1. Which of N55, V31, A44 sits farthest toward the positive end of the charge dipole of the range 1-105, with +1 on the Cβ of Lys and Arg and -1 on the Cβ of Asp and Glu?
2. Cα axis of helix 14-35 to longest principal axis of the chain: angle in degrees, 0 to 90, nearest 10?
3. Could you check which residue among L14, L105, L57 shows the biggest mean-square fluctuation in a GNM of the chain with a 10 Å Cα cutoff?
4. Relative to the longest principal axis of the C-alpha atoms of the chain, give the angle of the C-alpha long axis of helix 37-67, reported between 0 and 90° and rounded to the nearest 10°.
5. If I build a Gaussian network model for the chain, linking alpha-carbon pairs within less than 10 angstrom, which residue out of L27, L18, L54 has the largest mean-square fluctuation?
6. Sum up the charges of everything whose Cβ sits under 12 Å from the Cβ of V136, counting Lys and Arg as +1 and Asp and Glu as -1, but leave V136 out.
7. Among I21, I102, I30, which one moves the most in a GNM of the chain with springs linking Cα atoms closer than 10 Å?
8. What does the C-alpha gyration tensor say about the overall shape of the chain? Classify as rounded when a/c is under 1.5, otherwise prolate if a/b is larger than b/c, or oblate.
Amino acid sequence: MLPKINRGEKGFTLIEILVVIGILAILLTIVLVAVNPGRNTQDARNTKRRSDVLNILNAVNQYYVATGNFPTGTPADAAPAVAVSDAGVGVAFCNQLVPTYIAELPVDPQVGSWTDCSNYDTGYTLQQTAASRIRVTAPSAEAGATISATR
């Protein structure tokens, strides 16, 4: 004997379920576009770069205040910017700052690397301006940002 089919039972049709799934998909897309995790990640890395640039600049300035000179390897007035790495401004620069003025040189979140003062590439550049001021720059800044600090 076959079960009775009661046409009065309530339930959802396949069309109704598909419509709800479609609406949920559209809402999810709108939320992902509004949140934009890729952009938030870029902003977070740029925020770290701003902090790192200021930390390096503060360490160089503290060294200058304490000794009356810039650290060895600092480019001369109006010279092109030099990478803050063991091949750029050099090991002497690092040894003069670390650990007295800064615990370790900060590194760019995407291109930097740090082992110790004999093996590092911060991903940042250092330049002495024509007015004998120090400029630290983050050349790998994302989303068209320019991250630089001069003191």
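The numbers here are math on the coordinates, done by the rules we state, and not lab data. Because the structure is predicted, anything quoted here is derived from the model rather than measured. FYI the Cβ positions are ideal-geometry reconstructions off the backbone, even for glycines, and counts take in every protein chain you see.
1. V31
2. 10
3. Looking only at L14, L105, L57, the largest GNM fluctuation is found for L14.
4. The helix 37-67 is inclined about 20 degrees to the chain.
5. Most flexible of the set in this elastic network: L18.
6. Numbers: positive: R49, R50, R133, R135, R151; negative: D52, D108.
That works out to +3.
7. Largest GNM mean-square fluctuation: I21.
8. Values: a/c = 5.24, a/b = 3.79, b/c = 1.38.
Here the chain falls in the prolate category.
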